[in-house]
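Everything below concerns the one structure shown next.
Please treat every number below as a calculation from the coordinates, not as lab data. If you're wondering where the values come from, they're calculated on a predicted model, not measured in any experiment. Here the Cβ is made from the backbone with ideal geometry for all residues, glycine too, and neighbour counts use every protein chain on show.
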């Protein structure tokens, strides 16, 4: 078990959204305010961790032919639990995310991790995998939310900051106004902004990964030359 | 009644298009849109499954879950119905229309995890649609999906021959062009029917 490596994989080199390119529907749909993004990210993190633990715990007794059906039932169970908890304790978040909370059931990240990782690994490793992959997902959501909110309406942290200060509990707070709203490009908070922001983010990621790969290549080459 | 149906269909196809304004079904939208033919096949399969799933899930919700006060099981019940339905459709097509079955190939089982299908069923419940409205919403939502994916596939076929920055290769350039298509569909958003 290599926690440090798993951490790096989940957050950067094998990030679910930016590198594995899965679970994009919700990513584009709900990243309009930081409140939504953090709420969605944490919900997925919790569900992913629970599912990973359960799937890896029973991985030896699941018949191979019907494993997908079993995964779906386990995931749907945890999603229902989180959905009901959110409805009871944070109704504002439940309203804002709407149909996308139950839709976590068909989010490829969770079934993908169950299939690709938990089937072959121990409970402990799967637990940390769930946490780090969930964190990687949350990180992407936060980056997208901050960008879209700032460009779209000139604000930062809508809802979340007020929630932390205890002013409003409904996630509608204005957050910090960085520049006047009239100068914002409100199109960034619409679907157009969702597609564009994710496209740009993945492009930046590909650029960075290529650059670091090139650097490593150069380094290896230099070492080779020195050896010779 | 008729105006209601018309407004639901126009809404699902153009104004609240499943892909471009609700972000439902983005994975197959990006994954199966490299060629117009596969995109059309995928679109047809989704129309079929979405229509059928809307009808069956409405019946199950109304006469089983609501009647027995088991509404909290909705998500679980619906995903199982959809999975079983897709499996059934696959078996039926394999037996009776093998040509369509082979054309759809791997995309058929993948419809289970298409969030547009589960999404339309959940939205039917959320909007309190009756049986006919649910059915119409399912079919026209699928048609909206098909319109989007076919349009996007024809755009993508052209992207292949165009010149773009290296780091935009693959998904990013597709997402940017999808953004432009979403911009075009935004033109419908001001429309109001009846």
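Projecting label points 7 angstrom from Cα along Cα→Cβ for residue A:95 and residue A:67 puts them 4.3 nm apart. Kirkwood hydrodynamic radius of segment B:54-101, from the reciprocal of the average inverse Cα-Cα distance over all distinct pairs: 11.9 Å. With neighbours defined as other Cβ atoms within 10 Å of a residue's Cβ, the residues B:50, A:188, B:1, A:24 order from fewest to most as B:1, A:188, A:24, B:50. Counting only DSSP H runs of at least 4 residues, each contributing -39500 (n - 2.57), and dividing by the residue count of the protein assembly as shown, the helix-based mean residue ellipticity at 222 nm comes to -21500 deg cm²/dmol.
Taking the Kirkwood radius as Rh and the Cα radius of gyration as Rg, segment A:6-54 has a ratio of Rg/Rh equal to 0.99.
With springs only between Cα atoms under 10 Å apart, run a GNM on chain A and tell me which of A:30, A:101, A:202 wobbles the most. Of A:30, A:101, A:202, the most mobile in the Gaussian network model is A:202. Against the empirical 2.2 N^0.38 Å (N residues), segment B:61-152 has a Cα radius of gyration ratio of 1.21. Give the Debye-formula value of log10 I(q)/I(0) at each listed q (0.14, 0.20 Å⁻¹), with one equal scatterer per alpha carbon of segment A:1-82, two decimals each. For segment A:1-82, the Cα-only Debye profile gives -0.63, -1.15. Expressed as a fraction of 2.2 N^0.38 Å, the value expected for a compact globular protein of N residues, the C-alpha radius of gyration of segment B:133-194 is 1.43. Here B:152, B:188 are placed in order of increasing Cβ neighbour count within 10 Å, fewest first, which gives B:188, B:152.
Summarising the overall dimensions of segment A:62-121 from its C-alpha atoms, the Rg and Dmax are 13.5, 41 angstrom. With springs only between Cα atoms under 10 Å apart, run a GNM on chain A and tell me which of A:94, A:212, A:56 wobbles the most. Maximum among the listed residues: A:212.
Between A:181, A:115, A:217, the GNM of chain A built on Cα springs shorter than 10 angstrom shows A:217 fluctuating the most.
Computed over Cα pairs, the Kirkwood radius of the protein assembly as shown leads via Stokes-Einstein (0.692 mPa s, 37 °C) to a diffusion coefficient of 145 µm² per second.
Across segment B:1-116, Cα-Cα pairs farther apart than 18 Å form 59% of the total. FRET efficiency for the residue B:67 to residue B:102 pair, using the beta carbon distance and R₀ = 30 Å, is estimated at 0.15. Under conditions of 25 °C and 0.890 mPa s, chain B yields 140 µm² s⁻¹ as its translational diffusion coefficient, taking Rh as the Kirkwood radius over Cα pairs in the Stokes-Einstein equation. When only alpha carbons of chain A are considered, Rg and Dmax amount to 19.8, 68 Å. Rounded to 0.05, the FRET efficiency of the residue A:84 and residue B:80 pair, given R0 = 22 Å and the Cβ-Cβ distance, is 0.75.
Stretching residue B:3 away from residue B:59 to a fully extended chain increases their span by 17.8 nm, per 0.36 nm per residue minus the current alpha-carbon distance. Principal axis analysis of the Cα atoms in segment A:95-149 yields extents of 39, 22, 15 Å, listed in decreasing size. Distance from the C-alpha centroid of segment A:45-108 to that of segment B:33-62: 23 Å, rounded to the whole angstrom.
Could you work out how far apart the two model spin labels at residue B:189 and residue B:94 are, taking each label as a point 7 Å from the Cα in the direction of the beta carbon, and quote it in nm? For residue B:189 paired with residue B:94, the spin-label model returns 4.4 nm.
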